[in-house]
Amino acid sequence: MGYTCRTCGVWHSERPTAFLSELPEAVFQIPRKDRRSRVELSSDQCVLDDKHFFIIGNLDVPIEGTADFLRWTVWTTLSEANFKRASDLWTKPGRQSEPPYFGWLSNLIPGYDSINIKTYVQTQPVGTRPRIQVIEEGHPLAIDQAKGISPARADELIHLAVHRD
């Protein structure tokens, strides 16, 4: 199921609705040659310089009038205590009953000024990435996440994500 990008007019064979940030923005800023000595990275967790703790999760924004949503799989900080708690519960059934952890969004989401905005990280059942909720009061991403976006706005955001320059 493809679509014509409303911004650039190009036909795309698929309408992408999910985007992955491979690393926290702070890690991207470190020269590649230094990352091995400063960064511990798994598919879902990251530690920088033994003092900055990150977890990856899904931040979903619903598209109005549909069952669809845009998903950004992004990194958020956790305190050391919450990071250790999340790690201890990583394979434990029932971990989703854990209260949400506070964090700071650690990636740029195209179309939003999203670095270091307040989030909650809600653990999900084992095998499912945490859900990230933006809680920065009045922030456009928090509003869009709570209320949804129009299909036209979704296309704009897809264009920005796909055609990053």
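Considering (1) more than 19 Å from G57 (Cα to Cα); (2) free of Cβ contacts under 8 Å to residues at least 40 places away in the same chain, say which one V126 fails and leave the rest. Of everything listed in (1) more than 19 Å from G57 (Cα to Cα); (2) free of Cβ contacts under 8 Å to residues at least 40 places away in the same chain, V126 misses just condition (1). Residue check: is E14 surrounded by fewer than 16 Cβ atoms within 10 Å (Cβ to Cβ) and either under 22 Å from R131 (Cα atoms) or of a type in the set (A, V, I, L, M) (or both)? No.
Condition check: modelled with pLDDT under 95, out of contact with any helix residue (DSSP H, G or I) (no Cβ under 6 Å at 6 or more places or on another chain), of a type outside the set (S, T, N, Q) and within 12 Å of S106 (Cα to Cα). Does F54 satisfy that? Break it down into steps so the answer makes sense when it comes.
Values: modelled with pLDDT under 95: no; out of contact with any helix residue (DSSP H, G or I) (no Cβ under 6 Å at 6 or more places or on another chain): yes; of a type outside the set (S, T, N, Q): yes; within 12 Å of S106 (Cα to Cα): yes.
When the stated conditions are applied, F54 does not pass them.
Entry remark, region 95-118: residues being among the polar types (S, T, N, Q), without any contact (Cβ under 8 Å) to a residue 60 or more places away in the chain and surrounded by 17 or more Cβ atoms within 10 Å (Cβ to Cβ) number 1 in total.
Among the criteria (1) within 30 Å of E156 (Cβ to Cβ); (2) in contact with a Ser or Thr (Cβ under 9 Å, 6 or more places away or on another chain); (3) surrounded by fewer than 17 Cβ atoms within 10 Å (Cβ to Cβ), the one A67 does not fulfil is (2). Listed here are the strands (runs of 3 or more DSSP E) enclosed by region 27-68 that have at least 1 residues being touching a residue at least 40 places away in the same chain (Cβ under 8 Å): 45-48, 52-62. Count of region 98-117 residues, restricted to those that are over 18 Å from S21 (Cβ atoms) and either aliphatic (A, V, I, L, M) or in contact with a His (Cβ under 9 Å, 6 or more places away or on another chain) (or both), is 0. Is it fair to say V162 is over 23 Å from S42 (Cβ atoms), touching a Ser or Thr at 6+ places or on another chain (Cβ under 7 Å), of a type in the set (V, I, T) and surrounded by 15 or more Cβ atoms within 10 Å (Cβ to Cβ)? No, not satisfied. For region 54-66, indicate whether the set of residues that are over 17 Å from V27 (Cα atoms), of a type in the set (F, W, Y) and under 14 Å from the mean Cα position of the chain (by Cα) is non-empty. Within region 54-66, not a single residue is over 17 Å from V27 (Cα atoms), of a type in the set (F, W, Y) and under 14 Å from the mean Cα position of the chain (by Cα).
The values are calculated or read from the model by the stated rules, or taken from the named source; none is laboratory data. This structure is a prediction, so every number in the text was calculated from the model and none was measured. Cβ sites come from the backbone with ideal geometry, for glycine too, and all protein chains shown count toward neighbours.
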